[in-house]
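Any read-out appearing in this document is the output of simple, stated calculations on the displayed coordinates, not a laboratory observation. This is a predicted model, so every value here is computed, not measured. Quick reminder, even Gly has a Cβ in these numbers, built from the backbone with ideal geometry, and neighbours come from all protein chains shown.
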Amino acid sequence: MANTGTLVLVRHGQSQWNLENRFTGWVDVPLSPNGEAEAKQAGEILKQYGFHFDYGFTSALIRAQETLRIILDVIGQPDLTVERDQALNERHYGDLQGLNKAETAQKFGDEQVHIWRRSYDVPPPNGESLKMTGERVLPYYYEHIEPRVLRGETILVSAHGNSLRSLVKVLDNVADDVIPTIEIPTGKPMRYVLDSSGKVLENGYLEEKE
């Protein structure tokens, strides 16, 4: 296709605190062994599809950076130029960071924790809502990432469930009350093909080929 660019989004593999069922947010927690395997699998899928990237973006957190590094090693592009920025960081969970999710529900009640986790615009104490996360992710996307895609480049972004959810909300035109219910699976590449005006021509997860 002429005059199109490709954006590939990958949520980092399972982190150690994902494994321990803790709120992570901006705490710099490494990948678990399973998360490393998920990142490798993401790389294998991209390799099957023959991807060659022009530029990469990731957050300031090691779990997203390590996921990107593993992917690039698998596809044979370990020296790809990569831009790191905390604008792509996970949602900041404030006072909940480090707490076990089940214990937090016992302390504050299931309903309150569900609101903090799944509402669009209600932040946890001293943290960010999904709306607030989008207010830092989207300006960065429009300034740094989208222009490259609109020029026809193939771009890889390794980030987090909520920072990627903020992008998916705009790319797929998802309503405020629907986006919190959409899950972004770990280590599963999502491809968007955009024309030069920014219109999405194709989108969807890339599955492993038989």
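Normalised by the number of residues in the range 39-147, what is the relative contact order in percent for Cα pairs under 8 Å and 6+ residues apart? Kindly include the intermediate steps, with their values, before the conclusion.
Numbers: 123 pairs, mean separation 25.2, N = 109.
Value for the range 39-147: 23 percent.
I need R117, R148, R91, R63 ordered by Cβ neighbour count within 10 Å, fewest first.
Numbers: R117 19, R148 16, R91 27, R63 31.
Lowest to highest Cβ neighbour count: R148, R117, R91, R63.
Defining a contact as two alpha carbons under 8 Å apart and six or more residues distant in sequence, what relative contact order in percent does the range 160-210 show?
On the way: 39 pairs, mean separation 13.6, N = 51.
After rounding, I find 27 percent.
Within straight cross-link reach of K107, meaning Cα distance under 17 Å, which aspartates and glutamates are found once same-chain residues fewer than 8 apart are removed?
D95
Relative to the longest principal axis of the chain, what angle (0 to 90°, nearest 10) does the C-alpha long axis of helix 62-75 take?
30
Aspartates and glutamates within cross-link reach of K199: Cα-Cα under 19 Å, excluding same-chain residues under 8 positions apart?
Filter leaves E143, E146, E153, D172.
Could you size up the charge dipole of the range 95-210 around its Cα centre, putting +1 on the beta carbon of Lys and Arg and -1 on that of Asp and Glu, and report it in debye to the nearest 20? Working shown, then result.
On the way: 14 positive and 19 negative charges, 39 e Å.
For the range 95-210, the charge dipole is close to 180 debye.
Round to a whole angstrom and tell me the spacing of the C-alpha centers of the range 38-81 and the range 165-190.
When both Cα centres are located, 21 Å separates them.
So which of K40/K131; K101/K209; K131/K188; K101/K188; K47/K131 end up more than 28 Å apart by C-alpha? Please report the intermediate quantities before stating the final value.
Numbers: K40/K131 31 Å; K101/K209 36 Å; K131/K188 24 Å; K101/K188 24 Å; K47/K131 34 Å.
As for pairs spanning more than 28 Å Cα to Cα, those are K40/K131; K101/K209; K47/K131.
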